[in-house]
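Structure first, then comments.
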Amino acid sequence: MKANNLNIIVLPDSSIYLNDGRVKWIYENLYGQYGRDFEVKLEDGKVVVYGSIMIPYQYDRLEVKIDEVYGNVVIDNYNNHIQGNLTTLENFPTIIHRDFKCKWQPNLLSLKGGPKQVDGDFSCVACGLTSLDYLPEKIGRNLVVYSNKIENLSPILESKITGLIDIEYNPCEKSQEYINMLKTKKYKFVNKNK
(Lines give C-alpha, C1' and ligand atoms only; values in the text may rest on other atoms or scores of the structure.)
Protein backbone atom coordinates (compact mmCIF):
# COMPACT_ATOMS: atom_id res chain seq x y z
CA MET A 1 0.00 0.00 0.00
CA LYS A 2 1.39 3.44 -0.87
CA ALA A 3 1.10 6.69 1.04
CA ASN A 4 0.96 9.64 -1.38
CA ASN A 5 3.34 7.88 -3.81
CA LEU A 6 6.27 9.04 -1.65
CA ASN A 7 6.86 6.06 0.62
CA ILE A 8 6.06 2.41 0.48
CA ILE A 9 4.66 1.58 3.88
CA VAL A 10 4.92 -1.92 5.24
CA LEU A 11 1.77 -2.77 7.11
CA PRO A 12 1.97 -4.79 10.34
CA ASP A 13 1.54 -8.56 9.97
CA SER A 14 -1.69 -8.68 11.95
CA SER A 15 -4.86 -8.60 9.85
CA ILE A 16 -6.54 -6.72 12.74
CA TYR A 17 -4.84 -3.57 11.49
CA LEU A 18 -5.93 -4.10 7.91
CA ASN A 19 -9.57 -4.35 8.97
CA ASP A 20 -9.55 -1.08 10.93
CA GLY A 21 -10.59 1.85 8.70
CA ARG A 22 -8.70 4.38 10.84
CA VAL A 23 -5.39 2.59 10.39
CA LYS A 24 -5.98 2.08 6.70
CA TRP A 25 -6.80 5.78 6.20
CA ILE A 26 -3.58 6.84 7.95
CA TYR A 27 -1.41 4.55 5.82
CA GLU A 28 -3.12 5.69 2.63
CA ASN A 29 -3.12 9.45 3.32
CA LEU A 30 -0.16 10.39 5.53
CA TYR A 31 3.53 9.84 5.04
CA GLY A 32 6.69 9.65 7.11
CA GLN A 33 8.86 12.70 7.77
CA TYR A 34 12.15 12.76 5.81
CA GLY A 35 11.00 9.70 3.85
CA ARG A 36 11.13 7.45 6.92
CA ASP A 37 8.53 4.83 7.66
CA PHE A 38 6.13 4.96 10.56
CA GLU A 39 3.99 2.30 12.17
CA VAL A 40 0.39 2.53 13.34
CA LYS A 41 -0.86 0.34 16.19
CA LEU A 42 -4.14 -0.07 17.99
CA GLU A 43 -3.56 -0.02 21.75
CA ASP A 44 -6.63 -0.38 23.97
CA GLY A 45 -8.78 0.93 21.12
CA LYS A 46 -6.57 3.99 20.61
CA VAL A 47 -4.66 4.80 17.44
CA VAL A 48 -0.95 5.20 18.23
CA VAL A 49 1.69 6.14 15.64
CA TYR A 50 5.37 5.25 16.10
CA GLY A 51 7.52 7.58 14.01
CA SER A 52 7.05 11.09 12.65
CA ILE A 53 4.15 11.84 10.31
CA MET A 54 3.58 14.49 7.68
CA ILE A 55 0.10 15.71 6.83
CA PRO A 56 -0.31 17.02 3.27
CA TYR A 57 -0.85 20.79 3.22
CA GLN A 58 -3.84 20.38 0.89
CA TYR A 59 -5.89 18.68 3.64
CA ASP A 60 -8.37 20.82 5.52
CA ARG A 61 -8.68 18.28 8.37
CA LEU A 62 -7.71 14.81 9.54
CA GLU A 63 -10.49 12.37 8.75
CA VAL A 64 -9.66 9.97 11.60
CA LYS A 65 -8.66 10.51 15.23
CA ILE A 66 -5.02 9.83 16.07
CA ASP A 67 -4.55 9.54 19.83
CA GLU A 68 -0.78 9.58 20.28
CA VAL A 69 2.36 10.01 18.17
CA TYR A 70 5.87 8.95 19.19
CA GLY A 71 7.55 11.39 16.82
CA ASN A 72 6.87 14.74 15.13
CA VAL A 73 3.60 15.86 13.56
CA VAL A 74 4.23 18.24 10.66
CA ILE A 75 1.90 19.91 8.18
CA ASP A 76 3.96 19.19 5.07
CA ASN A 77 4.41 22.64 3.54
CA TYR A 78 6.61 23.59 6.48
CA ASN A 79 9.63 24.50 4.34
CA ASN A 80 7.65 26.23 1.58
CA HIS A 81 5.64 29.41 1.40
CA ILE A 82 2.63 27.59 0.00
CA GLN A 83 -0.56 28.37 1.86
CA GLY A 84 -2.34 25.29 3.11
CA ASN A 85 -6.01 24.47 3.55
CA LEU A 86 -6.10 23.32 7.18
CA THR A 87 -9.21 24.66 8.97
CA THR A 88 -9.27 22.61 12.18
CA LEU A 89 -7.08 20.58 14.54
CA GLU A 90 -9.96 18.20 15.32
CA ASN A 91 -8.71 14.58 15.29
CA PHE A 92 -5.08 15.66 15.73
CA PRO A 93 -3.11 13.64 18.27
CA THR A 94 -3.86 14.32 21.94
CA ILE A 95 -0.23 13.55 22.86
CA ILE A 96 2.80 14.22 20.66
CA HIS A 97 6.11 12.99 22.03
CA ARG A 98 8.23 15.33 19.91
CA ASP A 99 7.38 18.51 17.93
CA PHE A 100 4.16 19.86 16.41
CA LYS A 101 4.93 22.06 13.39
CA CYS A 102 2.28 23.91 11.44
CA LYS A 103 3.04 26.82 9.11
CA TRP A 104 1.27 28.89 6.47
CA GLN A 105 -2.28 27.75 7.28
CA PRO A 106 -4.30 31.02 7.02
CA ASN A 107 -7.64 29.22 7.48
CA LEU A 108 -6.62 27.74 10.84
CA LEU A 109 -8.27 30.16 13.28
CA SER A 110 -8.34 28.07 16.46
CA LEU A 111 -6.33 25.45 18.36
CA LYS A 112 -9.55 23.64 19.38
CA GLY A 113 -9.22 19.88 19.02
CA GLY A 114 -5.43 20.06 18.96
CA PRO A 115 -2.84 18.38 21.17
CA LYS A 116 -3.09 18.52 24.98
CA GLN A 117 0.57 17.62 25.42
CA VAL A 118 3.57 18.27 23.18
CA ASP A 119 6.91 17.10 24.59
CA GLY A 120 8.96 19.21 22.15
CA ASP A 121 8.20 22.50 20.37
CA PHE A 122 4.66 23.64 19.61
CA SER A 123 4.90 25.77 16.48
CA CYS A 124 1.94 27.35 14.69
CA VAL A 125 3.47 30.08 12.51
CA ALA A 126 1.84 32.41 9.96
CA CYS A 127 -1.58 30.88 10.42
CA GLY A 128 -4.85 32.68 11.08
CA LEU A 129 -4.91 32.13 14.85
CA THR A 130 -6.80 34.82 16.71
CA SER A 131 -6.49 33.21 20.15
CA LEU A 132 -4.34 30.83 22.19
CA ASP A 133 -7.42 29.19 23.71
CA TYR A 134 -6.99 25.40 23.66
CA LEU A 135 -3.21 25.74 23.90
CA PRO A 136 -1.64 22.43 24.99
CA GLU A 137 -1.59 22.06 28.77
CA LYS A 138 2.08 21.04 28.59
CA ILE A 139 4.73 22.12 26.08
CA GLY A 140 8.10 20.51 26.75
CA ARG A 141 10.15 23.10 24.90
CA ASN A 142 9.23 26.26 22.97
CA LEU A 143 5.92 27.88 22.05
CA VAL A 144 6.30 29.52 18.63
CA VAL A 145 3.23 31.37 17.34
CA TYR A 146 4.62 34.43 15.58
CA SER A 147 2.85 36.11 12.65
CA ASN A 148 -0.72 35.31 13.66
CA LYS A 149 -3.56 37.56 14.84
CA ILE A 150 -3.38 36.71 18.56
CA GLU A 151 -4.67 39.40 20.91
CA ASN A 152 -4.96 37.62 24.28
CA LEU A 153 -2.11 35.92 26.13
CA SER A 154 -4.04 34.65 29.17
CA PRO A 155 -4.12 30.99 27.96
CA ILE A 156 -0.32 30.95 28.43
CA LEU A 157 -0.97 31.24 32.17
CA GLU A 158 -2.80 27.90 32.14
CA SER A 159 -0.13 26.03 30.15
CA LYS A 160 3.17 24.66 31.42
CA ILE A 161 5.79 25.88 28.92
CA THR A 162 9.39 24.88 29.60
CA GLY A 163 11.19 26.86 26.89
CA LEU A 164 10.93 30.19 25.11
CA ILE A 165 7.73 31.89 23.95
CA ASP A 166 7.78 33.60 20.55
CA ILE A 167 4.68 35.75 19.92
CA GLU A 168 6.26 38.35 17.66
CA TYR A 169 4.19 40.04 14.97
CA ASN A 170 0.89 39.56 16.81
CA PRO A 171 -1.40 42.34 18.11
CA CYS A 172 -0.85 41.08 21.70
CA GLU A 173 2.78 42.22 21.48
CA LYS A 174 1.62 45.76 22.19
CA SER A 175 -0.77 44.86 25.02
CA GLN A 176 -0.45 45.76 28.68
CA GLU A 177 -0.89 42.06 29.42
CA TYR A 178 2.34 41.31 27.50
CA ILE A 179 4.21 44.14 29.23
CA ASN A 180 3.08 42.82 32.63
CA MET A 181 4.17 39.26 31.73
CA LEU A 182 7.59 40.58 30.69
CA LYS A 183 7.96 42.34 34.04
CA THR A 184 7.31 39.17 36.06
CA LYS A 185 10.25 37.41 34.38
CA LYS A 186 8.31 34.17 34.93
CA TYR A 187 8.11 33.67 31.18
CA LYS A 188 10.98 33.67 28.67
CA PHE A 189 9.80 35.64 25.65
CA VAL A 190 11.76 35.95 22.41
CA ASN A 191 12.05 39.67 21.90
CA LYS A 192 14.08 40.39 18.76
CA ASN A 193 12.63 43.86 18.13
CA LYS A 194 13.18 45.37 21.59
To the nearest 0.05, how large is the calculated FRET efficiency for Asp37 and His81 if R₀ is 35 Å and r is the Cβ-Cβ distance? 0.80
Checked against the positive end of the charge dipole of the chain (+1 on Cβ of Lys and Arg, -1 on Cβ of Asp and Glu, about the Cα centre), the farthest of Gly32, Tyr187, Leu111 is Tyr187
Quick one: Karplus J couplings for the range 93-99, per residue in order, coefficients 6.51, -1.76, 1.60, θ = phi - 60°, nearest Hz, x for Gly and Pro? x, 6, 10, 10, 8, 9, 9
Just the number, please: carbon plus sulfur as a percent of the accessible area of the range 24-97, 1.4 Å probe, no ligands or DNA/RNA counted. 41
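Work out, step by step, the length gained on full extension between Asn107 and Thr162: first 0.36 nm times the residue separation, then minus their alpha carbon distance; give nm to one decimal.
Length difference between fully extended and current span is 17.0 nm.
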Label the range 128-168 by shape, choosing from rounded, prolate and oblate, from the square roots a ≥ b ≥ c of the eigenvalues of the Cα gyration tensor; if a/c is under 1.5 it is rounded, and otherwise prolate applies when a/b is larger than b/c, oblate when it is not. oblate
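Dipole size in debye (nearest 20) for the range 34-84 around its Cα centre, Lys and Arg Cβ +1, Asp and Glu Cβ -1?
Its charge dipole is roughly 100 debye.
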Furthest towards positive pole of dipole, Gly128, Val48, Val74, structure part the chain, Cβ charges: Gly128
Taking only the alpha-carbon positions of the chain and ignoring solvent, what does the Debye formula give for the base-10 log of I(q)/I(0) at q = 0.10, 0.15 Å⁻¹? -0.42, -0.86
By a straight-distance test (C-alpha under 15 Å), which aspartates and glutamates pair with Lys185 as possible cross-link partners, with residues fewer than eight away in the same chain excluded? Asp166, Glu177
What does the charge dipole of the chain about its Cα centre add up to, to the nearest 20 debye, if the Cβ of each Lys and Arg holds +1 and the Cβ of each Asp and Glu holds -1? 720
Could you list, in their original order, any pairs among Lys65/Lys112; Lys112/Lys138; Lys101/Lys149; Lys138/Lys186; Lys116/Lys174 whose Cα atoms are separated by more than 20 Å? Lys116/Lys174
Relative contact order for the chain: what percent, with Cα pairs under 8 Å and sequence separation of 6 or more? 11
Of all DSSP beta bridges located in the chain, what percent are antiparallel, nearest 5? 25
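The values are calculated or read from the model by the stated rules, or taken from the named source; none is laboratory data. Note that this is a predicted model, so its numbers are computed, not measured. Methodologically, a virtual Cβ is constructed for each residue, glycine included, from the backbone with ideal geometry; neighbour enumeration extends over all protein chains shown. To get the accessible areas, we keep the full protein, side chains included, count just its heavy atoms, and leave off ligands, DNA and RNA. Shrake-Rupley method; radii C 1.70, N 1.55, O 1.52, S 1.80 Å.
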